[in-house]
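The values are calculated or read from the model by the stated rules, or taken from the named source; none is laboratory data. Small disclaimer: the values here were computed from a predicted structure and weren't measured. Positions of Cβ are generated from backbone atoms using ideal geometry, with glycine treated the same way; all protein chains shown enter the neighbour counts. SASA here: full protein model, heavy atoms, side chains in, ligands and nucleic acids out. Shrake-Rupley method; radii C 1.70, N 1.55, O 1.52, S 1.80 Å.
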Amino acid sequence: MPKRITTIGGQALMEGIMMVGPKRTTAAFCDSEGNITTEDIHIDRITKKYPILGKPFIRGIFAMVDTFRLGYKALSLSADRITDMGEEELTGIDKWLDEHLGDKLTGIIMGIGSVLGVGLAVVLFFVLPTFLFNLLQGAVGEGIAGWRSVFEGVLRIAIFLGYVLCVSLLPDIKRVFQYHGAEHKTIFCYEADLPLTVENVRPQKRFHPRCGTSFMILMLLLGIIVGFFIPFSNPILRTVVKLLCIPIIVNIGYEVQKACARHDNMLCRIITAPGLWMQRITVKEPDDKMIEAAIAALQAVIPENGEDLLK
């Protein structure tokens, strides 16, 4: 067990890392020459603006919304920096788009990509599993009706695993996964109460129980349990009910993950095991420059009074 547990979390970016502290959020970027720069990211967090929404079993969904908002801003900033580093003379439609949209272009592209991504996710993770089970049930008979939620849940996990495995083969994504490793190792070093140096960070573990990857797996598993209580077999109606259940699943998953991060016992190890296994794909060994970027981002968000520490 670590000597202390922090509430500070992070997110890997393209050639950078964002760290989120209780009072400050900072992204650190590493350019092609190895120079590291930092930039603060500001949003009005829902859970800070309305304290009642930060209460247990309510805060999960709002914390996730805040995480998405921060992540979106950080990724936009990261994309802009990558574009600036690789600037070349534009021609054709690229030149026209740059002249007419300018700095808004990245945001528009990311916005369109986000909408398409959400739509594809709904189809793949909600509509498709129900549709396929209906086909299977029609061929085999009503005797398998009780296995609907398990079938749909396992298929969703398989789709998620297949997607992550495919994108992990891309060189740029592999580097993002390496920054992910730098984020985890640096937080582990801080939780071990060691000086934040590359030498101290390098030997730390890659897999952290509070990782977003683990949270995704936990929500998929909780979705199987919730699915047993949804009586509808129509793909559209079942999808609508599942979407309405997302806040419940997120809130439960959030509290379970926080509890598992605080305690080290057999039950917590069993709950966190699937997510830690999944991190073998999404968390890779970083190089020293990535670690330096993670250290710079973490040092910027550590509060002076220790209010980030749980123990």
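Brief remarks follow.
- Segment N265-A79, length gained on full extension (0.36 nm per residue, minus Cα span): 62.9 nm
- Computed FRET value (nearest 0.05) for V150 with I108, which takes r as the C-beta separation and R₀ as 41 Å: 0.50
- Length gained when the stretch R24-L165 is fully extended (0.36 nm per residue, less Cα-Cα span): 47.4 nm
- Distance between the range 126-148 and the range 236-286 - C-alpha centres, whole angstrom: 26
- Residues with amide H under 5 Å from that of L13, placed H, sequence gap 5 or more: M18
- Pairs from the table (K3/K49; K3/K23; K205/K289; K3/K205; K23/K49) lying more than 20 angstrom apart at Cα are K3/K49; K3/K23.
- Subtracting the Cα-Cα distance of D31 and L310 from their residue separation scaled by 0.36 nm leaves 97.0 nm.
- Dipole magnitude for the range 5-310: computed about the Cα centre from +1 point charges on Lys and Arg Cβ and -1 point charges on Asp and Glu Cβ, it is near 1620 debye.
- Among the cysteines of the chain, those whose beta-carbon sits 4.7 Å or more from every other cysteine beta-carbon are C30, C166, C189, C211, C245.
- Calculated mean residue ellipticity at 222 nm for the chain: -20500 deg cm²/dmol, from DSSP H runs with n ≥ 4 weighted as -39500 (n - 2.57), summed, divided by the residue count and rounded to 500.
- Taking the 1.4 Å solvent-accessible surface of the range 5-310 as the whole, the part contributed by carbon and sulfur is 65%.
- Distant-in-sequence amide H partners of D287 (H built 1.01 Å from N, under 5 Å): none
- Electrostatic dipole magnitude of the range 135-227 [Cβ: Lys, Arg +1; Asp, Glu -1; Cα centre; debye, to 20]: 180
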